[in-house]
Structure formats: structure tokens, C-alpha cells
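The values are calculated or read from the model by the stated rules, or taken from the named source; none is laboratory data. Owing to the predicted nature of the structure, the values given are computational and were not obtained by experimental measurement. Virtual Cβ from ideal backbone geometry, glycine too; neighbours counted across all protein chains shown. Just the protein is used for accessible areas: all its heavy atoms, side chains included, with ligands, DNA and RNA removed. Shrake-Rupley method; radii C 1.70, N 1.55, O 1.52, S 1.80 Å.
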2 protein chains.
Amino acid sequence: MAVYTDITEGQLRAFLSDYDLGELLSYRGIAEGVENSNFIVHLDGGEFILTLYEKRVNERELPFFVGLMDHLAGKGFSCPRPVQRRDGGAIGHLAGRPAAMVTFLEGVWPREPLPAHCEGVGEALARMHCDVGDFAGRRRNGLSLCDWRPLFEQVGERADDVIAGLAAESRAMLDRLEEEWPQDLPSGVIHADAFPDNVFFLGDRFSGMIDFYFACNDLFAYDVAIALNAWCFDADHRFDRQKGAALLAGYQRARALSDAEKAALPALCRGAATRFMLTRLYDWIHTPDGATVTKKDPAQPLAWMRHHAGVSDPGAYGLSE
Amino acid sequence: MAVYTDITEGQLRAFLSDYDLGELLSYRGIAEGVENSNFIVHLDGGEFILTLYEKRVNERELPFFVGLMDHLAGKGFSCPRPVQRRDGGAIGHLAGRPAAMVTFLEGVWPREPLPAHCEGVGEALARMHCDVGDFAGRRRNGLSLCDWRPLFEQVGERADDVIAGLAAESRAMLDRLEEEWPQDLPSGVIHADAFPDNVFFLGDRFSGMIDFYFACNDLFAYDVAIALNAWCFDADHRFDRQKGAALLAGYQRARALSDAEKAALPALCRGAATRFMLTRLYDWIHTPDGATVTKKDPAQPLAWMRHHAGVSDPGAYGLSE
């Protein structure tokens, strides 16, 4: 939650001069997005979100992200739609950073997800997985199975300073995941970060998905596993089977999971929990004290990982027969 | 720039149930306001700013602040207008904090003020000083002359750890100010914090003033002195006489300064610079490293104070004859 880069009116007017959106009425920095700086911009032509991409986003990958949002919005999927400049492009520069404007989405992200929200995000992910079928862009998942061990080894024994025994536990889980990871499941472009703060609702109704900056090619069922982790644990880190059932039923309303995908869910959930535990652990150790970035505690996904370690039957997630 | 308190949709819906503003469409935390948490809220009934008052704001003083905005808006002064609940009140509670909703103001605060902006803020302050003539509320300025020495003594010799020699320099300035401070100038409710980030413009045109949470009863010309400090120094801490002239001309378009007010400007400018130097010095020393609040450097108002220390002729600020 931060605005890393503030902008002047002069800089913004110069940027907007490439668009046909009328006069600038206001802009306000919003406390949203961990990676980038975001502003709500009011123009004669409507209300938009302006994003300045900070250094963690690779500028060469922006056409993939912006193209994906444009493709999905064109299919009727509710997500921010990049606004075209007069020259047809959608990525400009502002305050020395790549920047893009997208449409404003109404909706609220659920701070306390209910089963109806889990059903909604499940169905939305399935629709996205169908809608990317004819999207030409490709992006390697830079946080896939083969990246986890090198990431962990940059932390190594210091993991034990964060949580006693975590180094050995992580290595054992990586051994297991390398052994059991599924092959040949249906794949395509996934969101890969569908946490509650990236999914909007109006009441119980899904109203839009944002923040596609982790999107990449990977197994569709892995996206489901990420969401099962992100949406279906309660505050005490207990898995809520009712929410899991809602999420999976919502998903299968728009796209049926194959038997192989269902069977792989426990391993995929272990992997998803491990991926978030490892990146949070890495950030925990490498973020200096006093930085303005909020460090996310690796203890939460570790609790998820430990839960999934004991699951062999995908029915435990609430899959209906 | 922060959202100190996040809120859930359920909390917000409960709060909104006391208003006649239709359905909730979205809310986003905005990076605005050093003291409070602010959200842009979209409802069927329009767009509003929701403020949660954090602990530095005294709840007993809220009726003064809210009443002042309501009074000024009623006079046609452009500022946020508090939204009345069905019961006629304007202050509720949300997430354990007092909270109020005000209308959204279009406009942009000038990151790099031009003379036209200085003229605009001058005229706006003068209009406010006229419009408060029949406002019944009163609030003592808790940061007036008599408060500065006790505030400084909470820092004392530690001032020298921040800037060498600052303790003796501060005491000498306080001696001088106590000696020279003007009496019997016109007074009333002033904004007391009219810095650029609290004043909006559409292009060169003043579009609204926000953040009345330092407003209090004090000398009108002291409000002008605060603005001369806040708007008319360049990045190198040099006073820009052209901006000063614009600010004073703008002010006098709506309210003429008396000869006594003009003569007092150098002392009032010294006092205003000292007030901001002292509060920033206090915060600098008392804010723990690593806090998420951005600490403002006392060196900037100290440079203002040193500039004004050498001014005896108010013409130096750009007063026309």
C-alpha cells in the first residue's frame, strides 16, 4: 500500500496530451498495489486508474500484461481495460517510469471473504482460463517449481532465524514437490495472484479482477490451488471446507476440472503455499527494517503448507463427487 | 500519506445505513492526509471522501471542524461539505473511530506552485476570513506563541543533535517573538495550515481548500504569514518576491490588510516559520525510526525562519504601496 512516485500536474498533463480524454479534473494517489504507484484520475472523458510501473516490473513484459487485460476485456471479462493513446499504443512514460491508464472498476475487495465470494472468484478464474484460449501472448512463470529451490537457497539457514526448523522443513517440501509435481495438465495464461485484494465484488456478485502483473503460462489447476490457499483459510489458518467447496463449484460451473487435475490438487496446493511462503521468507530477510513496504509474514503460507502436507484426498478441499 | 485504518465492507455498509446515499459501489484508500485515514467512496448518490479520524484528532473538536466546513460551504466557499445523516448529524463512528463523509472536490494541488497559484490561495484565504465573520464556533490555537516555548523545551538541547546550534538559535528567536508579537490585529477563524497540498486548482483557477483540522481562532494576518512561508519559497529556500506579491495581491482583492497588519508581517512570518520548524523538530526527535509516517525535515522551515529574521520592511514580501 503505497505511492512510491508522486507526479506533478505538468508531468501528468504532458502524459495525457497523447490521449483523447478531455480536461484533467483531479488525481489522487491511492493506497493500492504493493509493486506500483497508482492514481485515480478524473477527466472530462471519465474516471481512470493511472499506474506507474516501479522497478520490480520489467518494462519488456508490459505489452504482455496490457495485451492480456485488453484481450480479456474484449471477451467481456470484467477487468481494467487499457486506454489507447492517439497513436494506438497503451504504454507511455511519466516521471521516468513506464505508465498506463486503465478503466476504473467499481467494486470492493472482500476483507472477510464469504463462501459466496469464493464461488465468485472460482467462476471468474474459470472464465479467464477459457477466455485466454486464443490469446497469443506468452510469459514464463518466473516463480514456478524450478525457481523455488534457487530462491530458497538465497535464504538458506537464515530461514531458521525466522522460524525454528524452517530450513530443513522447506528442503523436505521441495524434495517432495519435485517428486510429485504433475505433468501434462491443461495449461495456459493464469492470473497467479488471485488473492482477495485483487478481486472486486458488488455485494456478493463478482465485479472485476485486477493486478495481472504476475500473470504467466502455467497449469490452470495451479491457479485454482493458489486461490484455495488465498481464499479458503480462516484467520486461525484452518481450512474452511465450505469455502473450498464453493470455490471449486464456482470454478466448475464455467470449466470442468479433469480427473487428473482433481487428483493433482493436493500437490498443487502444497506447491502454491510453498511459493508464497518462499517469496515472503525471501522478502522478510531481504527487506531492510524501516522500509516503507509492509512485510508479509511467511508464517501464514507456512501454515497453509503444513495443512496441505497432510492432504492426499482432493475431496478434503470440498470437491463434490 | 497513509491509510492507518482499513475497513471492511460490512463496517462501511453499517456506517452508510445512516445516510440516504444509495448503494455502495466502491471504496479505495487514498494516500492523502498525514493525520487521518481517507477513502474515496462511490455510491449511487455520488462520490465522497470518507475520513476516519485517528487519535491525534480530538473527537470533542470535530463538531467545530465539521461545522466550519458546513458554514463555509454554505457561504459558497469551495471546500468539502459534510454530508448529513438521516438524523441530521454529520459525525458517526466506523472501525472504532469517529468518521465523517464529505463531498468530493475536483482539482489538483500544485506540486510546483506558480504565481497564479499564490494569487489564488491568497484570495481564497481572504474569502474564508470574510466568510467566518458570522460563524459561531471557536477553537483556541494550540500552536500559538505561548505554546512554542514549552514545545521547544520538550526537545531542548537535543535540537543540537539535529542541526548544530539550533537550541540557542531557537531560544533567541522565541525571545524575539515574545517581544515583538503584534496585539490587537483583526482575528477570527483561520485555516492555519494552507500549504499547497491542502489547496486544489483546475489549471490556474482555485477549485477548493481541504483539511481544516488545524483551523482555530487567531490573527487573520498570521494565516497570510503561514501561506507566505508555505507557497513563496523556492526549492533552494529563497523567497520569491513575485510569488509573495501575487499572494498578497490576491488576498487584498477580497480583504484589504490594515497598516498595522502590513507592518506586522515580518514578525508574523518569523512566527509562522518558527511554529513549523518547532513541530517538525519535535516530530523528528519523537518519531521512532521505521515508523510508516514520513518525517518532515525541520531544515526547510528553519531556512524560512532565518530569511525572515533579516526582514524589517514588509515591502520585502512584495506588498504593493
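Going from most exposed to least, what order do A:I190, A:I210, B:I91 have by accessible area with a 1.4 Å probe? Could the numbers behind the result be given before it?
Working: A:I190 0, A:I210 25, B:I91 45 Å².
So, going from the largest accessible area down, we get B:I91, A:I210, A:I190.
Please give, to one decimal in nm, the separation of the simple spin-label points placed at A:D160 and B:S17, each 7 Å out from Cα toward the Cβ.
Label-label distance for A:D160 and B:S17, simple model: 5.4 nm.
By how many degrees, 0 to 90 and rounded to 10, does the Cα axis of helix A:115-131 deviate from the longest principal axis of chain A?
In chain A, helix A:115-131 runs at an angle near 70 degrees to the longest axis.
Can you list the copy-to-copy distances for B:E153, using a point 7 angstrom from Cα toward Cβ, in nanometres, shortest first?
Reported distances to equivalent positions: 6.4 nm.
Among A:D184, A:D236, A:D297, B:D223, what's the order by accessible area (1.4 angstrom probe), most exposed first?
Numbers: A:D184 150, A:D236 100, A:D297 75, B:D223 0 Å².
From most exposed to least exposed: A:D184, A:D236, A:D297, B:D223.
Provide the descending list of Cα extents for the protein assembly as shown along its principal axes, expressed in whole angstroms.
88, 51, 50 Å, listed from the longest principal axis down.
Dipole of the protein assembly as shown (Lys/Arg Cβ +1, Asp/Glu Cβ -1, origin at the Cα centre): which of B:A215, B:G107, A:F220 lies farthest to the positive side?
Working it through, the farthest residue towards the positive pole turns out to be B:G107.
Under a GNM of chain B (C-alpha, springs under 10 Å), which listed residue has the highest mean-square fluctuation: B:F220, B:F233, B:F15?
Among B:F220, B:F233, B:F15, the largest GNM mean-square fluctuation belongs to B:F15.
Taking the Cβ-Cβ separation of B:E153 and B:A254 as r and a Förster radius of 45 Å, what is the calculated FRET efficiency to the nearest 0.05?
Here the calculated transfer efficiency is 0.70.
Can you give the longest stretch of chain A with no exposed loop site, where a site means trypsin sites (Lys or Arg not before Pro) in a DSSP loop (not H, G, I, E or B) with at most 11 other C-beta atoms within 10 Å?
Details: sites that count: A:K55, A:R56, A:R86, A:R138, A:R238.
Here the longest segment lacking exposed loop sites spans A:139-237.
Taking every alpha carbon pair in the stretch B:1-152, what does the distance histogram look like in 5 angstrom bins from 0, in percent?
2, 8, 15, 19, 19, 17, 12, 6, 2, 1, 0
Per the Debye formula with a single identical scatterer at each Cα and no solvent contribution, what log10 I(q)/I(0) holds for the stretch B:103-157 at q = 0.21, 0.23 Å⁻¹?
Log-scaled intensity ratios, in q order: -0.93, -0.94.
Got the A:G137 label distances to the other copies yet, label 7 Å along Cα→Cβ, in nm, shortest first?
Ordered by distance, the counterparts are at 4.8 nm.
Hey, can you grab everything whose amide H is under 5 Å from the amide H of A:I30? Only 5+ residues off in sequence or another chain; H modelled, so Pro and N-termini drop out.
A:N38, A:F39, A:I40, B:A31
Where does the protein assembly as shown land at 222 nm, in deg cm²/dmol rounded to the nearest 500, when only DSSP H runs of n ≥ 4 count, each adding -39500 (n - 2.57), divided by all residues? Can you show the working numbers first?
Numbers: 20 runs with 264 residues, N = 642.
Helix-only estimate at 222 nm: -13000 deg cm²/dmol.
How long are the semi-axes of the ellipsoid equivalent to the stretch B:157-246, from square roots of 5 times the Cα gyration tensor eigenvalues, in whole Å, largest first?
Details: eigenvalues 148, 74, 39 Å².
Gyration-tensor ellipsoid for the stretch B:157-246: 27, 19, 14 Å.
Quote the relative contact order of the stretch A:9-103 in percent (integer), defining contacts as alpha-carbon pairs under 8 Å separated by 6+ residues. Before the final figure, lay out the partial values.
Working: 147 pairs, mean separation 25.5, N = 95.
This gives 27 percent for the stretch A:9-103.
Given R₀ = 45 Å, FRET efficiency for B:A136-B:E112 by Cβ-Cβ distance, to 0.05?
Working: r = 39 Å, r/R0 = 0.86.
That gives a FRET efficiency of 0.70.
Helix A:241-254 against the longest principal axis of chain A: what's the angle in degrees, Cα atoms only, rounded to the nearest 10?
Rounded to the nearest ten degrees, it is 60.
Whole-Hz ³J(HN,Hα) for each residue in the stretch B:307-319, computed from phi via Karplus 6.51 cos²θ - 1.76 cosθ + 1.60 with θ = phi - 60°, x for glycine and proline: what do you get?
After applying 6.51 cos²θ - 1.76 cosθ + 1.60, I find 4, 5, 4, x, 9, 10, 9, x, x, 4, 8, x, 4 Hz.
Which whole-Hz ³J(HN,Hα) couplings does the stretch A:169-177 yield from phi under the Karplus relation 6.51 cos²θ - 1.76 cosθ + 1.60, θ = phi - 60°, glycine and proline marked x?
Karplus values, whole Hz, x for Gly and Pro: 5, 5, 5, 5, 5, 4, 4, 5, 5.
Could you derive backbone 3J(HN,Hα) for the stretch A:191-199 from the dihedral phi with the Karplus parameters 6.51, -1.76 and 1.60 (θ = phi - 60°), listing whole Hz in sequence and x where the residue is Gly or Pro?
Calculated HN-Hα couplings, in order: 6, 6, 8, 7, 7, x, 6, 10, 10 Hz.
If you average the alpha carbon positions of the stretch B:1-75 and of the stretch B:226-249, how far apart do those two centres end up, in angstrom?
33
Would you please state the base-10 log of I(q)/I(0) at q = 0.11, 0.17, 0.18, 0.24 1/Å for the stretch A:32-113, with intensities from the Debye formula using one equal scatterer on every alpha carbon?
The computed values of log10 I(q)/I(0) come out as -0.30, -0.74, -0.82, -1.38.
Under the definition of Cα pairs under 8 Å and six or more residues apart, what whole-number percent is the relative contact order of chain B? Before the final figure, lay out each step's value.
Numbers: 552 pairs, mean separation 56.6, N = 321.
Over chain B, the number comes to 18 percent.
What does the structure give for B:106-113 when I average, per residue, the other chain Cβ atoms found within 10 Å of the residue Cβ?
On the way: counts 4, 5, 11, 4, 3, 7, 4, 0.
Across the residues of B:106-113, the mean count of other-chain Cβ atoms within 10 Å is 5.
Which shape class applies to the stretch A:193-280: rounded if a/c is under 1.5, otherwise prolate when a/b exceeds b/c and oblate if not, where a ≥ b ≥ c are the square roots of the Cα gyration tensor eigenvalues?
Here the stretch A:193-280 falls in the rounded category.
Hey, any idea what Rg/Rh is for the stretch A:147-210, computing Rh the Kirkwood way over Cα pairs?
Numbers: Rg = 17.5 Å, Rh = 15.2 Å.
We get a ratio of 1.15 for the stretch A:147-210.
For B:Q183, project a label point 7 Å along Cα to C-beta. Then give me every residue of the stretch B:146-174 with its amide nitrogen under 18 Å of that point.
Flagged as within label range: B:146-147.
What's the angle, to the nearest 10 degrees (0 to 90), between helix B:62-74's Cα axis and the longest principal axis of chain B?
So the helix axis and the longest Cα principal axis differ by about 90 degrees.
What are the radius of gyration and Dmax of the stretch A:22-63, computed over its Cα atoms and given in Å?
My reading of the Cα-based Rg and Dmax gives 12.0, 32 Å.
On alpha carbon coordinates alone, what is the Rg over Rh value for the stretch A:115-317, Rh being the Kirkwood radius?
Details: Rg = 16.5 Å, Rh = 17.3 Å.
With Rh from the inverse mean 1/r over Cα pairs, Rg/Rh is 0.95.
If you take the C-alpha gyration tensor of the stretch B:73-212, multiply each eigenvalue by 5 and take the square root, what semi-axes do you get, largest first, in whole Å?
For the stretch B:73-212, the semi-axes come out at 33, 21, 18 Å.
Which distances, in nm and shortest first, link the B:D236 label point to the same label point in every other copy, taking 7 Å along Cα→Cβ?
6.6
Taking a virtual spin label 7 Å from the Cα of B:D204 along the C-beta vector, which residues in the stretch B:119-152 bring their backbone nitrogen under 16 Å of it?
In the stretch B:119-152, the label zone of B:D204 (backbone N under 16 Å from the point 7 Å along Cα→Cβ) covers B:119-124.
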